[in-house]
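The values are calculated or read from the model by the stated rules, or taken from the named source; none is laboratory data. Please read these numbers as outputs of a predicted model, since none were measured by experiment. FYI the Cβ positions are ideal-geometry reconstructions off the backbone, even for glycines, and counts take in every protein chain you see. Just so you know, the surface numbers come from the protein's heavy atoms only, side chains and all, with ligands and any DNA or RNA stripped out. Shrake-Rupley method; radii C 1.70, N 1.55, O 1.52, S 1.80 Å.
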Amino acid sequence: MLGYDWNSGKQVFRTQTEEQDPIRTTPVIQKDRIFFGSWEGVFYCYDLKSRQQLWRYDTKIRRKIKYWKSVIHGKPVFYKNTVIFTGRIGWIFALNIDTGTEVWIADKLYSTWTVGGPVLSGDTLYVGSSNSYTIQAIDAESGNIRWVSCLDNRIWGRPLIGKNYLFAGSGS
């Protein structure tokens with residue numbers, strides 16, 4: 001992960017994952033910290049001032065699908081004091097932003113490959129799935145599924161929250 005001063009172009013932040021693997025998430029910043037995930041399924045939190053790693057969370061400890069990488073991709077979102085992200089294994093992880101400890105994990109989404117990541121509106125997360133051809137509403141407080149709607153094809157991006165509707169681009 002590299003960071004640059006946008007006025008001068010000078011590099012101000014640099015880190016490499018322990019596994020030397022690629023970073024596929026859009027990084028997000030909250031409370032002077034940067035959060036991002038890796039191809040190998042590790043989610044990181046760094047302090048931007050000290051440039052030190054504050055914590056890391058390895059999603060592979062919970063992996064059910066042995067032959068898939070745990071790839072974390074998409075853009076994480078924040079809800080209260082949690083950072084919420086998805087990965088290729090199709091689970092949604094909610095971690096405490098200060099400690100990296102689990103707040104909840106939505107693991108009933110087995111093998112869904114949530115490529116685009118979650119979108120948050122109020123206290124509801126919306127997540128589209130590539131492999132199960134669904135879009136789901138998840139309670140951001142508990143991780144419980146509120147509803148699931150089936151589609152006729154895959155969703156590759158993040159859903160869009162409109163004024164009265166939720167939109168999702170499908171392959172159909």
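When the range 34-48 is limited to residues that are among the hydroxyl-bearing types (S, T, Y) and modelled with pLDDT of 90 or more, the one that is least open to solvent (accessible area, probe 1.4 Å) turns out to be Y44. Apart from one condition, Q16 fits all of (1) within 16 Å of G74 (Cα to Cα); (2) loosely packed, with under 14 Cβ neighbours inside 10 Å; (3) of a type in the set (S, T, N, Q); the exception is (1).
Rundown of residues vs (1) open to solvent by 40 Å² or more (accessible area, probe 1.4 Å); (2) among the aliphatic types (A, V, I, L, M); (3) at pLDDT 95 or above; (4) within 16 Å of I145 (Cα to Cα), yes/no style:
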residue: S50; (1), (2), (3), (4): yes, no, no, no
residue: I65; (1), (2), (3), (4): no, yes, no, no
residue: K69; (1), (2), (3), (4): yes, no, no, no
residue: P76; (1), (2), (3), (4): no, no, no, no
residue: R88; (1), (2), (3), (4): yes, no, no, no
residue: F93; (1), (2), (3), (4): no, no, no, yes
residue: T101; (1), (2), (3), (4): yes, no, yes, no
residue: G116; (1), (2), (3), (4): no, no, no, no
